[in-house]
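Report on the following structure.
Every read-out reported here was derived from the displayed coordinates using simple, explicitly stated rules and does not represent laboratory data. If you're wondering where the values come from, they're calculated on a predicted model, not measured in any experiment. So basically every Cβ, Gly included, is an ideal-geometry build from the backbone, and we count neighbours across all protein chains shown.
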Amino acid sequence: MPRRLRNPWPKTGYNVVKFRKRSRWTRPAAYGVKPARFRRPRLTWRQAWFETRPWIFLIAIVTLSVIYQTPAFYEPPGWLQGDPTRVEGGFTRCGPGRGAMCVIDGDTFKIGETKYRVTGIDTAEVKARCPAEAAQAEASTSALQGWLSKGAFQITTRLDEPTDRYGRTLAIVKRVKADGSEERLADWMQAHGGARGYDGGFRGGWC
């Protein structure tokens, strides 16, 4: 109860009342009320699956869309690959007097009338802009010709056999060694043929 004080001004007719501090009356404990605690219930694995399932499906759709629309940059998963084709023989340079199998540049070769573009790499262009690019293009073309002519290898394409804007069939090229290990042409060209890894981004110059 508020304590009534003696009125220092009796003629005014007003009583002075002193109240307790406001903060003491605004606490829940002053009214016998415990503050509420909100805790999120733990999710079971089924509830977690149903909550995250839409996001998982969305990520899967986006990933498949990227793989499908950019076949020159990403190796398709196994279920999207066709049966490998075995190739063996000597490769010449494409041009006058070319053979049935020839090399165009460091990432493109031709078998019959079909042009194949090696997936995942980029090399200097034969139609160079500067002497440095021309020298690098010659080195990459020679390296690719040597690798293809060294022995039997496999060409694997996607089931729908997509082509790039130049009409080249996009292919995964690899050689299976006697011990069962695989030598992928894209990796070998990056290590020994002056090729760059290519994922669809900006391609730097060679000059």
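So for Thr44, Thr157, Thr85, fewest C-beta neighbours within 10 Å to most, what's the order?
Ascending number of Cβ neighbours within 10 Å: Thr44, Thr85, Thr157.
Give or take rounding to whole Å, what are the principal axis extents of the alpha carbon atoms in region 78-197, in descending order?
Extents along the principal axes: 42, 32, 30 Å.
Where the centroid of each part is defined by its Cα atoms, how far is region 128-207 from region 97-127 in Å?
Distance between centres, Cα-based: 8 Å.
What does region 131-184 give for Rg and for Dmax, in Å, if only its C-alpha atoms count?
Final numbers for Rg and Dmax: 14.2, 41 Å.
Run through region 108-207 and list the chymotrypsin sites (Phe, Trp or Tyr not before Pro) located in a DSSP loop whose Cβ has at most 11 other Cβ atoms within 10 Å.
Qualifying residues, ordered by number: Tyr166, Phe202.
About the Cα centre of region 81-195, how large is the charge dipole given +1 on each Lys and Arg Cβ and -1 on each Asp and Glu Cβ? Please answer in debye to the nearest 20. Numbers along the way, then the final one.
On the way: 16 positive and 16 negative charges, 50 e Å.
The dipole magnitude comes to about 240 debye.
What ranking of Cys94, Cys130 emerges when the number of other C-beta atoms within 10 Å of each C-beta is taken as an exposure proxy, fewest first?
The fewest-first ordering by Cβ neighbours comes to Cys130, Cys94.
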